Amino acid sequence: MKRSNIKQLAWRNLWRHKTRSWLTVSAIAITTLLLVFMLSFQFGTYETMKEQNLSLLSGFAQVQNPDFKEQPNLEHGFKIPGEWPQILNRQKMLAAYGFRAQTFAILSNLPDTRNRAVQIIGVQVDKEKLLSSLSQKVTRGDYFADQSVKMPIVLGKQLADYLELKIGDQLQLLGQDAYGSLAVELFTLVGTFDLNIPELNQQLAQIRLSDFQQLFAYQNQAQQLVMKSDKLPQMDLFAKTLFAQLQQTNYPENLLWRDWKDLQPALYQAIQMDIASAFLWYSALLLIVILIVVNTLYMSLLERHNEFALLHALGMQPNQISRMLALETLFLILLGLLLGWLGGVAISAYFIQVGINLPGMEEMYAQFGISGTLYPQLSGLSMGFVPAVFVMAWMAMSVVIRFKLSGIRPLTGRQL
Amino acid sequence: MHYAPVIECQQVCKTFADGDSVIKAVDQLDLQVFSGEFICLYGASGSGKTTLLNMIGGLDRPCSGEVFLDKHPLSHYSDDALTDVRLRKIGFIFQSYNLIPVFTALENVAFIMQMQGVDSKMALSKSQAILQKVGLGEMLNRRPSELSGGQQQRVAIARAIVAEPKIVLADEPTANLDSKNSEQLLELMHELNRDLGMTFIISSHDPQVIEAAERRIELADGKIIHDDSIQN
């Protein structure tokens, strides 16, 4: 028997019980629509979380002295090789890079009525503007805009408030340089930033890298080479070759490449945990719908036993009958998948354009550096996960159908 | 015109278990059926007519003895091969018509040829001609639910003969029909038997069918107690 005849029979059989078939198709379609959209929304949220969080300070990847990860102090920096800027400028996919150095110091207001131990980061201002979103979060003053100001400093909003400082006020920095000597300098407050993260607003201060190197006796040195590509996944595409090129320069010490997972392990773990729990729910939902399809199939096997026996009596082989039934199930699944998939992709595509605002979630998102609107992201996984599960389920069902119908006997006169 | 037996049963037995007892449905039965015959198997309910028909049609296998179709013993065929024999050499007409409900009359008939691998166009064209022959030329595209009992049985007959099988087996084909429809159906089967030379074996206890048969075989307790051909 030709395949086209079996297909025709299977398709017609599908519409024998229209209501039942449409109910099953609807269950598959609704589940597919929901899961395609939910997965797209979830992955979109992760991408926003990652990009906004990483863009704040850490960048998408860093090159460091291997010991800096465990002991982030001035001892564990590196001399900036002269060839590095040229190598870095040649990378077409590298959107921004910059060197940084950091240490702890005490900041005091000038009457010395208030002081606080803070993290001082030395940054290359022009490069930092491309690298980090911190410069865009300056709410008072500016981000090192006035070149004529000697020893400018930018502080977290709450830190400035605590030290009772206004823009233009002077403050004193007291720390220890790379050789253990006292490092003292007067700085002028040029701006304050608000990162929506109180811990950072209270403890972070930025100065120019050149001032940092001068003050802490750290000439031509840094602790971090911070890098960023346009999109996070692009970083992996050239990370290996770039790192190899950097290592090939006349650099005496080991270097460590740290990707975003290493730089932000808490964020990575939070995403992984969220994915795991979400997939548990999604799997439960899929299992319920697959059981509905199995139930439809099982009802067919029970109700239509005599019909299959008749077809066998008329000359249809058991494997052709099972192929027919498997095709009926496949049509049911494909129809549901097609409707649900198109709906899910259309809704996701719409929200990719307009974004989604979830009122009342701002505080939670702020912890991950996210502000404002979320955008879904259609990916191979979000679009392919549900179809792949259904196709695998169908393959399993086909085996069961074949097994169940392998022992079928032809219809005899006695059974009529 | 009867030259060689198209069907031959040799010492065929079929038993069924019924609790602790064993029922002999067919008991050491010998039978020869020749090409082109129009036979009616009749007898009381439980006499073994249907069981014999099932074994001749390869729907069931005997416990002992042998059924030959065109001199080939059916016991030598595997289940798949026997299914193919049914498809190509035997036409079935059932009491309850047993048409495929989702197919039209034309598709129901063409389906058998399509199963044989015949080109769809050719299968549909031949099926249309056969349906016209059985008087349903105007109802080609009706589904079984849109046809009367008599019309459905005509479609079943068309389905049974469309692939020109060696024999056509009909199990109580008039049981669900009124006498007028039964008469028309019998006339049709006779006509097909005469025109196409197909062998018809009909199991029935309908006096109209018994009367119309060329050869009548009466069964009781699984044995032949009367056979016109032996009488003659």
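Report the Cα centroid-to-centroid distance between the stretch A:275-340 and the stretch A:25-72 in angstrom, as an integer.
Measuring centre to centre over Cα atoms gives 36 Å.
Pick from B:ILE167, B:ILE100, B:ILE90: which residue has the top mean-square fluctuation in a GNM of chain B where Cα pairs under 10 Å get a spring?
Of B:ILE167, B:ILE100, B:ILE90, the Gaussian network model singles out B:ILE100 as fluctuating most.
Calculate log10 I(q)/I(0) of the stretch A:57-172 for q = 0.09, 0.12, 0.17, 0.20 Å⁻¹, where I(q) comes from the Debye formula with a single equal point scatterer on each Cα and nothing for solvent.
At q = 0.09, 0.12, 0.17, 0.20 Å⁻¹ the computed log10 ratios are -0.31, -0.55, -1.02, -1.27.
With springs only between Cα atoms under 10 Å, which of A:GLY175, A:GLY191, A:GLY315 fluctuates most in a Gaussian network model of chain A?
Among A:GLY175, A:GLY191, A:GLY315, the largest mean-square fluctuation in the Gaussian network model of chain A belongs to A:GLY315.
Set the Förster radius R0 to 60 Å, insert the Cβ-Cβ distance between A:LEU291 and A:ASN115 as r into 1/(1 + (r/R0)^6), and round the FRET efficiency to 0.05.
0.35
Against the longest alpha carbon principal axis of chain A, how many degrees, from 0 to 90 and to the nearest 10, is the axis of helix A:318-354 turned?
For A:318-354 against chain A, the angle is about 30 degrees.
For helix A:305-314, what angle does its Cα long axis make with the longest principal axis of chain A, in degrees from 0 to 90 and rounded to 10?
60
Which semi-axis lengths, in whole Å and largest first, follow from the square roots of five times the eigenvalues of the Cα gyration tensor of the stretch A:194-317?
Details: eigenvalues 805, 100, 19 Å².
The three semi-axes for the stretch A:194-317 are 63, 22, 10 Å.
Return an integer: the convex hull volume of the alpha-carbon atoms of the stretch A:60-262, in Å³ per residue.
Working: hull volume 24.7 nm³, N = 203.
Each residue corresponds to 122 Å³ of Cα convex hull volume.
Using a Förster radius of 35 Å, what is the FRET efficiency between B:ASP178 and A:TRP22 based on their Cβ-Cβ separation? Nearest 0.05, please. Display every interim value, and only then the final one.
On the way: r = 39 Å, r/R0 = 1.11.
For R0 = 35 Å, the calculated efficiency reads 0.35.
Mind listing the phi-derived Karplus ³J(HN,Hα) values for the stretch A:288-295, rounded to whole Hz, using 6.51, -1.76 and 1.60 with θ = phi - 60°, and x for any glycine or proline?
With the stated coefficients, the stretch A:288-295 comes to 4, 5, 5, 5, 4, 5, 4, 4 Hz.
For the stretch B:97-232, report the translational diffusion coefficient in µm²/s to the nearest whole number, using Stokes-Einstein at 25 °C, 0.890 mPa s, and a Kirkwood Rh over Cα pairs.
Numbers: Rh = 15.7 Å.
Calculated translational D: 156 µm²/s.
Modelled label-to-label distance, A:ASN357 and A:SER108, 7 Å Cα→beta-carbon offset: nm?
4.7
Using Stokes-Einstein with the Kirkwood hydrodynamic radius over Cα pairs, what translational diffusion coefficient do you get for the stretch B:5-231 at 10 °C and a viscosity of 1.306 mPa s, in µm²/s rounded to a whole number?
Estimated via Stokes-Einstein, D reaches 89 µm²/s.
One-quarter of the Cα convex hull surface for the protein assembly as shown, in nm²?
43.4
Taking 0.36 nm per residue of sequence separation and subtracting the Cα-Cα distance, how much length would be gained by fully extending the chain between A:ALA346 and A:GLN219, in nm to one decimal? Intermediate values should be presented prior to the final figure.
On the way: separation 127, 0.36 × 127 = 45.72 nm, distance 5.59 nm.
Length difference between fully extended and current span is 40.1 nm.
Along each of its three principal axes, how wide is the spread of alpha-carbon positions in the stretch B:47-165, in whole angstrom units, largest first?
Result, largest extent first: 47, 35, 23 Å.
What nm distance separates the two modelled labels at A:THR188 and B:SER145, each placed 7 Å from Cα along Cα→Cβ?
9.0
Nearest 0.05, what FRET efficiency do B:CYS63 and A:TRP281 give at R0 = 60 Å with Cβ-Cβ as r?
Computed FRET efficiency for B:CYS63 and A:TRP281: 0.55.
Which residues in the stretch A:41-74 have a backbone N closer than 19 Å to a point placed 7 Å from the Cα of A:ASN254 along the Cα-to-Cβ line?
Answer for the stretch A:41-74: A:62-74.
If contacts are Cα pairs under 8 angstrom and at least 6 residues apart, what is the relative contact order of chain A in percent? Present the calculation step by step, with values, prior to reporting the outcome.
Details: 657 pairs, mean separation 118.4, N = 416.
RCO, chain A: 28 percent.
What whole-number volume per residue, in cubic angstrom, does the convex hull of the C-alpha atoms of the stretch B:1-90 give?
Spread over its residues, the Cα hull of the stretch B:1-90 gives 105 Å³ apiece.
Once you list every other residue whose beta carbon is under 10 Å from the beta carbon of A:SER322, what net charge do they have if Lys and Arg are +1 and Asp and Glu are -1? Each step should come with its number before you reach the end.
Numbers: positive: A:ARG323, A:ARG402, A:LYS404; negative: none.
In short, +3.
To the nearest 100 Å², how much accessible surface do chains B and A cover up together, summed over both, with a 1.4 Å probe? Before the final figure, lay out each step's value.
Details: alone 11150 and 21150 Å², together 29770 Å².
Answer for the B-A pair: about 2500 Å² buried.
Using Cα-Cα distances under 8 Å and only pairs 6 or more residues apart, what relative contact order does the stretch A:60-262 have, in percent?
35
With the solvent-accessible surface defined on protein heavy atoms using a 1.4 Å probe, which residues belonging to the stretch B:170-208 display a reduction of at least 20 Å² in accessible area in the multichain context relative to the isolated chain?
B:ASP171
Using modelled amide H (1.01 Å from N, peptide plane; none on Pro or chain starts), what sits under 5 Å from the amide H of A:SER229, excluding residues fewer than 5 places away?
A:PHE60, A:ALA95
If amide H atoms are built 1.01 Å from N in the plane of the peptide, which residues on other chains or at least 5 residues away come under 5 Å of the amide H of A:GLY98?
When sequence neighbours closer than 5 places are left aside, the close amide H contacts are A:VAL226.
Tell me the Kirkwood radius of the stretch A:253-395: reciprocal of the mean inverse pair distance over distinct alpha-carbon atoms, in Å.
Values: mean 1/r = 0.0510 Å⁻¹.
This gives a value of 19.6 Å.
Rounded to a whole number, what % of the accessible area of the protein assembly as shown do carbon and sulfur atoms account for, probe 1.4 Å?
54
Give a residue-ordered list of calculated ³J(HN,Hα) values for the stretch A:59-64 (Karplus: 6.51 cos²θ - 1.76 cosθ + 1.60, θ = phi - 60°; whole Hz; x for Gly, Pro).
x, 8, 7, 9, 10, 9
Among the residues of the stretch B:99-126, which ones have their accessible area go down by 10 Å² or more when all the protein chains sit together, as opposed to their chain alone (1.4 Å probe)?
B:ILE100, B:PRO101, B:VAL102, B:PHE103, B:GLU107, B:PHE111, B:ILE112, B:GLN114, B:MET115, B:GLY117, B:ASP119, B:SER120
Thinking of the stretch A:44-113 as a set of Cα atoms, what percent of all their pairs are more than 22 Å apart?
On the way: 1104 of 2415 pairs.
Roughly 46 percent, rounded to a whole number.
Could you give the angle, 0 to 90 degrees to the nearest 10, between helix A:3-14's Cα long axis and the longest principal axis of the Cα atoms of chain A?
90
With respect to the cross-link table entries A:LYS92/A:LYS137; B:LYS180/B:LYS223; A:LYS129/A:LYS157; A:LYS50/A:LYS129; A:LYS129/A:LYS228; B:LYS49/B:LYS126, which display a Cα-Cα separation exceeding 23 Å?
Among A:LYS92/A:LYS137; B:LYS180/B:LYS223; A:LYS129/A:LYS157; A:LYS50/A:LYS129; A:LYS129/A:LYS228; B:LYS49/B:LYS126, the Cα-Cα distance tops 23 Å for A:LYS92/A:LYS137; B:LYS180/B:LYS223; B:LYS49/B:LYS126.
Give me the Kirkwood hydrodynamic radius of the stretch A:1-72 in Å, from all C-alpha pairs, to one decimal place? Numbers along the way, then the final one.
Values: mean 1/r = 0.0568 Å⁻¹.
Over the stretch A:1-72, the inverse of the mean reciprocal pair distance is 17.6 Å.
Could you tell me whether the stretch B:1-44 comes out rounded, prolate or oblate from its Cα gyration tensor? Rule is a ≥ b ≥ c as square roots of the eigenvalues, rounded for a/c under 1.5, then prolate if a/b exceeds b/c, otherwise oblate. Intermediate results must be reported in sequence, preceding the final value.
On the way: a/c = 4.92, a/b = 2.42, b/c = 2.03.
Prolate, since a/c reaches 1.5 and a/b exceeds b/c.
Would you kindly find the accessible area of B:SER229, with a 1.4 Å probe and non-protein molecules such as ligands, DNA and RNA excluded, rounding to the nearest 10 Å²?
For B:SER229, the solvent-accessible surface is approximately 60 Å².
Evaluate the relative contact order of the stretch B:5-231 (contact order divided by residue number), counting alpha-carbon pairs under 8 angstrom at least 6 apart; express in whole percent.
With pairs under 8 Å counted, the relative contact order is 30 percent.
Report, please, the projected area of the stretch A:374-416 averaged over directions, based on the convex hull of its C-alpha atoms, in nm².
For the Cα atoms of the stretch A:374-416, the hull's average projected area reads 5.3 nm².
Say a paramagnetic label sat at a point 7 Å from the Cα of B:LYS166, along Cα to Cβ; which residues of the stretch B:12-44 have their backbone N under 14 Å from it?
B:32-37
The values are calculated or read from the model by the stated rules, or taken from the named source; none is laboratory data. Nothing here was measured: the structure is a model prediction, and the numbers come from that model. Every residue, glycine as well, gets a Cβ built from its backbone with ideal geometry; the counts of neighbours run over all protein chains shown. Just the protein is used for accessible areas: all its heavy atoms, side chains included, with ligands, DNA and RNA removed. Shrake-Rupley method; radii C 1.70, N 1.55, O 1.52, S 1.80 Å.
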